[in-house]
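The structure appears right after this line, and notes come after that.
The values are calculated or read from the model by the stated rules, or taken from the named source; none is laboratory data. Since this is a predicted model, take the numbers as computed values, not measurements. So basically every Cβ, Gly included, is an ideal-geometry build from the backbone, and we count neighbours across all protein chains shown.
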Amino acid sequence: MSGNDIRNVIIIGSGPAGLTAALYNARANLAPLVLAGPEPGGQLMITTDVENFPGFPEGIQGPELMQRFEAQAEGFGTDIRREIVESVDLSASPFSVTTEEGTYRGKTVIISTGATARWLGLESETRFRGRGVSACATCDGFFYKDKVITVVGGGDSAIEEATYLTRFGSKVYLAHRRDELRASQIMQKRAFDNEKLEILWNSVVTEVLGDDLAGVTAVRLKDTQTGEEREHATDGLFLGIGHDPNTAIFKGILDMDDDGYLLTDGVKTNVDGVFACGDVTDHVYQQAITAAGMGCQAAIEAEHWLEGQE
Ligand SMILES: Cc1cc2nc3c(=O)[nH]c(=O)nc-3n(C[C@H](O)[C@H](O)[C@H](O)COP(=O)(O)OP(=O)(O)OC[C@H]3O[C@@H](n4cnc5c(N)ncnc54)[C@H](O)[C@@H]3O)c2cc1C
């Protein structure tokens, strides 16, 4: 596989960020290599309707959108390989990127390994993902007009999601495992002042209930103090318990914040010639269009960097 040849650009990750970077670098005749990783196509492969990606007025299924990204990048000469990167050596260009198949060398590296939403880990939650269970209020809130929604979490991001969802839902519940919120005071005030939002204290979701036709109809809640369980009717369950950026292989090599997101200046990491884009470096927007936009930026920066080396 790897041989001694040195690639112009190695892109780690094949979500919207990585495949957009690949498209731009391929059209610049750089023949990029994409190492697709454990989830080829990225997070949109596990969702159904995507209604907010421009250019698709009728909406598009997540997997179909990503197949189109892939076909477009490949059509211009991207080499996509379904391999998982296990380690990197970014001490000097050409950089080394090692998968289970061997080691590739690249003059530049673009990192687009994304972030993984935290789920509860329930079998029933997996069953209803995309059919009543979501980890993205911005993406899926619109589908819950005048419906009852339950959000899990107690930190700032959960309250932000819950508050946002009150624009759509007839009622929004926030199920929190403790008897006080972890969120900042200002976010707590926002939650308490919102008439549509009700907090279910000392409550954990132990099961998602529903059927194949209706999707989610209720969740089973357990009281963390008494152990009692009850059914709580809801049309949707949103997880607001955060994301984990996929950066374990870069620990001690690249600068990252306390949560593990890569720190960048624009799309430049602290290593000259190594760029990062998409959710791996963005804990704010986390959308396909923003990831794709950053992928474009990273590709153009990589091109400029390569020109500067000549
Ligand atoms: C259920 C759900 C629904 C969503 N719906 C929408 C929506 O409707 N609209 C919208 O705009 N956004 C939506 N999002 C958010 C959107 O999916 C993300 O913002 C976007 O996918 C981020 O793109 P990315 O390329 O940065 O990373 P990701 O899509 O996360 O892709 C990361 C890539 O990195 C690869 N990777 C990870 N580790 C390694 C490794 N060690 N070696 C090689 N590769 C690796 C993975 O295989 C994957 O290909 C949704 C997210 C979820 C979870």
For this session: Would you please name the residue that is farthest from the ligand (Cβ to nearest atom), looking only at residues in segment 9-39 that are surrounded by fewer than 18 Cβ atoms within 10 Å (Cβ to Cβ) and within 22 Å of Gly102 (Cα to Cα)?
Result: Ala31
Exercise. Would you call Thr48 under 29 Å from Lys171 (Cβ atoms) and either at pLDDT 95 or above or more than 9 Å from the ligand (Cβ to nearest atom) (or both)?
Worked result: no
For this session: Find the residue count for segment 248-268, including only residues that are farther than 13 Å from Gln297 by Cβ and more than 9 Å from the ligand (Cβ to nearest atom).
Result: 14
Exercise. In this structure, does Val208 turn out to be more than 13 Å from Ala175 (Cβ to Cβ), in contact with an Asp or Glu (Cβ under 7 Å, 6 or more places away or on another chain) and not in a helix (DSSP H, G or I)?
Worked result: no
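Rundown of residues vs (1) among the aromatic types (Phe, Trp, Tyr); (2) modelled with pLDDT of 95 or more; (3) touching a helix residue (DSSP H, G or I) at 6+ places or on another chain (Cβ under 6 Å); (4) within 23 Å of Ala117 (Cα to Cα), yes/no style:
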| position | (1), (2), (3), (4) |
| --- | --- |
| Met187 | no, no, yes, yes |
| Val205 | no, yes, no, yes |
| Val208 | no, yes, yes, yes |
| Arg220 | no, yes, no, yes |
| Gly227 | no, yes, no, no |
| Pro245 | no, yes, yes, yes |
| Asp257 | no, yes, no, yes |
| Gly273 | no, yes, yes, no |
Exercise. Which ones in segment 101-120 are of a type in the set (Asp, Glu) and either near the ligand (Cβ under 10 Å from one of its atoms) or closer than 24 Å to Tyr285 by Cβ (or both)?
Worked result: none
Seminar exercise, completed: Residue set Leu213, Leu181; condition outside any strand (DSSP E or B), at pLDDT below 95 and in contact with a strand residue (DSSP E or B) (Cβ under 9 Å, 6 or more places away or on another chain); output residue Leu181
Exercise. Does any residue in segment 224-249 that is at positive phi come within less than 6 Å, Cβ to Cβ, of a residue that is at pLDDT 95 or above and exposed (fewer than 12 other Cβ atoms within 10 Å of the Cβ) six or more places away or on a different chain, and which pairs are these?
Worked result: none
For this session: Of the conditions (1) more than 24 Å from the chain's Cα centre (by Cα); (2) under 27 Å from Gly42 (Cα atoms), Asp179 clears all except one; give me its number.
Result: (2)
For this session: For segment 121-136, state whether one or more residues are within 9 Å of the ligand (Cβ to nearest atom), buried (at least 18 other Cβ atoms within 10 Å of the Cβ) and of a type in the set (Ser, Thr, Tyr).
Result: yes
For this session: Considering every residue within segment 27-47, establish whether at least one is assigned to a loop (DSSP other than H, G, I, E, B) and closer than 22 Å to Phe143 by Cβ.
Result: yes
For this session: Go over the candidates Ser87, Ser96 one by one and state the one that is near the ligand (Cβ under 10 Å from one of its atoms), under 24 Å from Pro245 (Cα atoms), assigned to a strand (DSSP E or B) and not basic (Lys, Arg).
Result: Ser87
For this session: Considering each residue of segment 257-310, count those that are of a type outside the set (Asp, Glu) and not in a loop (DSSP other than H, G, I, E, B), and give that number.
Result: 26
Exercise. When Ile253 is evaluated against the numbered criteria (1) crowded, with 16+ Cβ neighbours inside 10 Å; (2) outside any loop (DSSP other than H, G, I, E, B), which criterion, by number, is the only one it fails?
Worked result: (2)
For this session: Give Pro32, Pro16 a once-over and let me know the one that is in the same structural domain as Ile249 (by TED's automatic domain parsing) and within 18 Å of the chain's Cα centre (by Cα).
Result: Pro16
Exercise. Does Phe275 satisfy the condition of being surrounded by 23 or more Cβ atoms within 10 Å (Cβ to Cβ), of a type in the set (Phe, Trp, Tyr) and out of contact with any Asp or Glu (no Cβ under 9 Å at 6 or more places or on another chain)?
Worked result: no
